[in-house]
1. Expressed in nm², what is the orientationally averaged projection area of the convex hull enclosing the Cα positions of the chain?
2. What's the ranking of 24-33, 112-121 by average number of surrounding C-beta atoms within 10 Å, highest first?
3. For a quick check: with amide H placed at 1.01 Å from N, whose amide H comes under 5 Å from Asp21's, ignoring anything fewer than 5 positions away on the same chain?
4. Quick check: net charge around Ala62, other residues with Cβ under 14 Å of its Cβ, Lys/Arg +1 and Asp/Glu -1?
5. How high is the relative contact order of the chain, in percent, with contacts defined as C-alpha pairs under 8 Å that are six or more residues apart?
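Nothing in this text is a laboratory measurement; each read-out follows from the coordinates by a stated rule. Predicted, not measured: the structure shown is a model, and the values here were computed from it. All Cβ positions, glycine included, derive from the backbone under ideal geometry; neighbour counts span all protein chains shown.
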Amino acid sequence: METTKQAEIDFDTWAELARTDPDAFERMRLAAIDSVIDSAPVENRERLRRLQWRIDQERKLARTPMAACLRISRMMWRTVLGEGGLQQRFSELQHAFHGRDAGEPTAPRAPADVIAFARAVD
């Protein structure tokens, strides 16, 4: 198989290669990862390489592929929900957008009048 067309290989082809030739699969997996990182903006490449290193270390520490998947999933969720994670950053942006500091409590909203509209008849 050609390693230059790794992005064009479908799941079934990758799965078959992993089953029949694990060494070729690993070479193509690494080539695909490098290709994606190399196609990223220059200022992001170092961060992406470090992230990939962390992912590879989680895979090495896991006893099975499923355990590796779970470890990487937990790593992802910590990045989203953990201290300084994506959720916290979104919250800070939301508070900044509404003109409040991130630690300032939200003021209760005033009640609003709800106006019922008549249904349009076709």
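1. Working: hull surface 64.6 nm².
Its average projected convex-hull area is 16.1 nm².
2. Details: 24-33: 15.4, 112-121: 5.0.
In decreasing order of mean packing, 24-33, 112-121 become 24-33, 112-121.
3. Residues meeting the amide H criterion: none.
4. Computed value for this residue: +4.
5. Working: 44 pairs, mean separation 11.2, N = 122.
Relative contact order of the chain: 9 percent.
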